[in-house]
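Here the structure comes first, spelled out in structure tokens, and everything after it is commentary.
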Amino acid sequence: MGLTLSEVKEGSAKTVLKLATAASLLFPDIPALNYLKSARDAISMAIHAVEKNEPPTDHIPVHLLKHFEGFGKSLREKEAMELPLPGGTAVSHLTRETRKKLLLVSEQVKTYTENATVFGHVSEVDQKRESFEILTIFGNTVSGRIEEEHRMLLVDALRDFKSRLPVRIDGVGVFNRTGKLKELKSVTHMSVIDPLDISMRIAELKSLQAGWLDGVGESLDADGLDWLEDSLIAAFTNAPIPKLSPTEEGGVICEWIGPDSHFDVEINLLEHSGEWSLLNRSSGEYLEGLFDLDDAFAWRVIVQMSKQFKGRD
Amino acid sequence: MTPETMLLRQIHPMYFSKDGEILRGAFKPTNSDNGFLSVYNGDMIEPAPAVHHYREQGRKTGGVAGITVEECSRHQLPCIDDGVPFPEHATIDFSKKSPSEMKKAYKELTIYANNRGLLAQV
């Protein structure tokens, strides 16, 4: 008999903490069932407490909070599991943030785990110690254990370190109390990626703090960057990937440069609009206009225009 | 300065693409620049020492690109050998241009710089 996470309903993140026991069906009044119902309620109320910045320990003893390590680890940013609160229609929300707060209630806890994506370059492969190191795009080093299926890729990527071919690693990371990734506990996916990889560049843009441009330069809206990442990945499956850079005002420039031409779209992340301009020295043209980037047709036009830019030899 | 003088522009790391191209943001004056783009006078300092000098001031650069005075003059961009706030300082003047003219001009400079390639890299 126990509590299990029985399903995450499609299209939302409504979880059902199910009282799993055959006996509960046959003997619904047994005392243990009441304990399980209380446990389910306590979990939901503890989550709700941290949502309100109240101590979860009014509902769950501090030494039991570590069990959240095994629950909600794969939640992504902005995802939430909804758990019913006792006696009504209200729900609590287990998010990355609330889960982290629950795990770090005890000062004794120095680290926690959750899903992590790392972009960077393989800087070390130690086959004797069965470990590797990644120099991330943010300049810190993250280590991990070599798993057999990734051994060749790691060795090849290390050989390519000087040619700057980056890798993307998805797995479970160990984070310190400040949220900094210390190491990879396990790796589920590893691949060599394009130096212009859209997700990698978006991660860099997300990390910019206000003042990034020698004291000026606004930070970029995270929701807007998520929208842009999805839009670009969907649009540029078979076209030259744009070079992305931030604007001083918190926008993003998508840019293609040729030997005598230049095309760019300056994107407003809040309004989903794009000011485009095309300079073509051969024809003497300089054209400008505005795109509504919630319109799929605009992206098709941008992709078509980008195909004039094959890159430099 | 002469028409052949190379004007050295420090490229902020965010305006340097991962495949080695210089992006247009590198040549756009910031709002507080009031249309005056800071460069080093290449007659007075070489690209590598210019990088060193810039970093000594605690500023970020991924390398140095070059534009000649003559290339600027093709797009009606006056170049001023002002020597302020340090002797090797010079300025490209975008201040008389409308926003649209300014954008066209810094796109032009971006093409020149990329065709020439980086003159010094961090």
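Just so it is clear, none of the values below were taken in a lab; they were calculated from the coordinates. Since the structure is predicted, the reported quantities are computational estimates derived from the model, not experimental observations. Methodologically, a virtual Cβ is constructed for each residue, glycine included, from the backbone with ideal geometry; neighbour enumeration extends over all protein chains shown.
Tabulated data
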{"quantity": "The range B:77-115, residues that are within 14 Å of another protein chain (Cβ to nearest Cβ) and of a type in the set (S, T, N, Q)", "calculated": "B:SER98, B:SER100, B:THR110, B:ASN114, B:ASN115"}
{"quantity": "Residue count, the range A:249-273 (criterion: part of a loop (DSSP other than H, G, I, E, B), facing another protein chain (nearest Cβ under 9 Å) and among the charged types (D, E, K, R))", "calculated": "2"}
{"quantity": "Test for B:SER98: is it of a type in the set (Ser, Thr, Tyr) and more than 14 Å from the chain's Cα centre (by Cα)", "calculated": "yes"}
{"quantity": "Every residue from the range A:197-218 that is hydrophobic (A, V, I, L, M, F, W, C) and either within 11 Å of another protein chain (Cβ to nearest Cβ) or crowded, with 18+ Cβ neighbours inside 10 Å (or both)", "calculated": "A:ILE198, A:MET200, A:ILE202, A:ALA203, A:LEU205, A:LEU208, A:TRP212, A:LEU213, A:VAL216"}
{"quantity": "The one condition in (1) within 14 Å of chain B (Cβ to nearest Cβ); (2) surrounded by 16 or more Cβ atoms within 10 Å (Cβ to Cβ); (3) part of a strand (DSSP E or B) that A:GLY289 fails to fulfil", "calculated": "(2)"}
{"quantity": "Selection count where residues are outside any loop (DSSP other than H, G, I, E, B) and small (Gly, Ala, Ser), scope the range B:1-48", "calculated": "5"}
{"quantity": "Test for A:PRO242: is it within 13 Å of chain B (Cβ to nearest Cβ), within 20 Å of B:ALA26 (Cβ to Cβ) and either of a type in the set (Ser, Thr, Tyr) or in contact with a strand residue (DSSP E or B) (Cβ under 6 Å, 6 or more places away or on another chain) (or both)", "calculated": "yes"}
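Let's see how each residue does on (1) exposed (fewer than 15 other Cβ atoms within 10 Å of the Cβ); (2) within 26 Å of A:GLU77 (Cβ to Cβ); (3) without any contact (Cβ under 8 Å) to a residue 60 or more places away in the chain:
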position: A:PHE119; (1), (2), (3): no, yes, no
position: A:LYS128; (1), (2), (3): yes, no, yes
position: A:VAL142; (1), (2), (3): no, yes, yes
position: A:GLU149; (1), (2), (3): yes, no, yes
position: A:VAL172; (1), (2), (3): no, yes, no
position: A:ASN176; (1), (2), (3): yes, yes, no
